[in-house]
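Q: Before I ask anything, let me first share the structure, which is written out below as structure tokens.
What follows is calculated from the coordinates using simple rules that are stated; it is not laboratory data. The structure presented is a predicted model; accordingly, all values stated were derived computationally and were not measured. Methodologically, a virtual Cβ is constructed for each residue, glycine included, from the backbone with ideal geometry; neighbour enumeration extends over all protein chains shown.
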Amino acid sequence: MAELSEQQEQDLGETKQARRSRSGFWFGVIILLIIIGLAGAGFYLFTQLRDEQKGLGGEVKGEMSKQIADYQSQLVAIQSQLATIEANVAGKDTHFNKTLADFSQLHNEKLESTRKELNDAIARIQRQLGKTRGDWLIADAEYLLSVANERLHLIGDVNTTREALEAADQRLRESGDAGTFKVREQIAREIAVIKSITVPDIVGIYASIQTLQDQVDKLVLFLPYTGKSLTKPVEEKKQPDETTEDQGLLDSAMDQLEGLVTIRHTEHEVKEILTPEEAQFIREQLRVKLEMVKISLVQHNEALFQSSLADAKKWTAQHFAKNSDVNNFIAELDRFNNIKIHSQFPDISSSLKMLRDITKLRIETDKAMQPAETVVPAETTNPVESIKPAEAINPPETVAPAEAVPATQ
């Protein structure tokens, strides 16, 4: 029994050991499978991670390459802009250099022109300083003759013209230049012509027309018009007697009617009664026509002056009654109509033209004096001495003596 029990215990122990070894084997297999599964899962995760890294690397490379291409295109655009700017700067530099050269040339031209004008002015001043008193008197006479022509033909000032001609003649007389004799003869003729001109009294005519304007309100219109001022009625006398009271009232009524009604005979047919405005318009219209007469008088417009006078005369005869005032008014207009306010002035420019060509007159004078000057004593050996009188008369800048020397030789 004991052996059976021991045998059973041994069998049980072996069975337990076999079970333990078998369970350990399966446990190891399970552990190994787990390890293999973990390794496979790790390898798979590693492969996925590597693939993801490769995809991310490709995207990054593509983005980087794209950005690099954009940067390259921007650099190309910047380089083209820089090239354009350089071309513009070069063009502006060329334009600036050209403008500077043109300005320098223009400045040089202006400087040369100014230098030339200055030299001419200096030469002119030197010539002026070299003139004699006779030359200055002749220049003054030329200015006076030009003033006379301007005053006569531009303004019609006959008195100032005559005075300027007389002053020019006096200057030529004081110069003592023999070449001005013909000029003085022409000035004398022009003075005689100027003295024969009749100058109308413009100021007096203007004042007379102004007086006619003031008399317009006194002229009587031949058409009746309303709005006349009433005459003061005669004060009614008190009648002590009651029997004559009606007669006094009748007399006072007649006196008042005399202030309202005026009986006048006229040759014109009365077709209407004028309003006060129409009557005032007729008078103002006559004043306007007289104002036109004054304007044409001041402007020396002969045609407008005559037409304005005729218009004013026609208006007066058409709208105003014929009485002594109107007849005197029209007679005054007729008197103005006979006045010539602008005469045809003569031409007095001949003396000025002759004086401006004084060199030619001096040469002619020298030629006329040569026969008398060639008859000299035999002792005269220098032929230049024969022209000393001409040199004393002519200014230093004239060429008359130089022309006279070959003639004497």
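Q: Between their Cα atoms, which of Lys195/Lys340; Lys314/Lys340; Lys116/Lys360 are more than 25 Å away from each other?
A: Lys116/Lys360
Q: Calculate the length of the line joining the C-alpha centroid of the stretch 297-350 to that of the stretch 38-84, in whole Å.
A: 112
Q: Right, another one. Let me check I've understood the local charge: for Val183, count other residues with C-beta under 13 angstrom from its C-beta, Lys and Arg +1, Asp and Glu -1. What total comes out?
A: Charge balance near Val183 sits at +2.
Q: Does the stretch 83-129 come out rounded, prolate or oblate by the C-alpha gyration tensor, with a ≥ b ≥ c the root eigenvalues, rounded set by a/c under 1.5 and, if not, prolate when a/b is larger than b/c and oblate if not?
A: prolate
Q: Summing Lys, Arg as +1 and Asp, Glu as -1, what charge do residues with Cβ under 13 Å from the Cβ of Lys195 carry, Lys195 excluded?
A: -1
Q: Quick one: Leu152, Leu304, Leu56, fewest Cβ neighbours within 10 Å first, how do they rank?
A: Leu56, Leu304, Leu152
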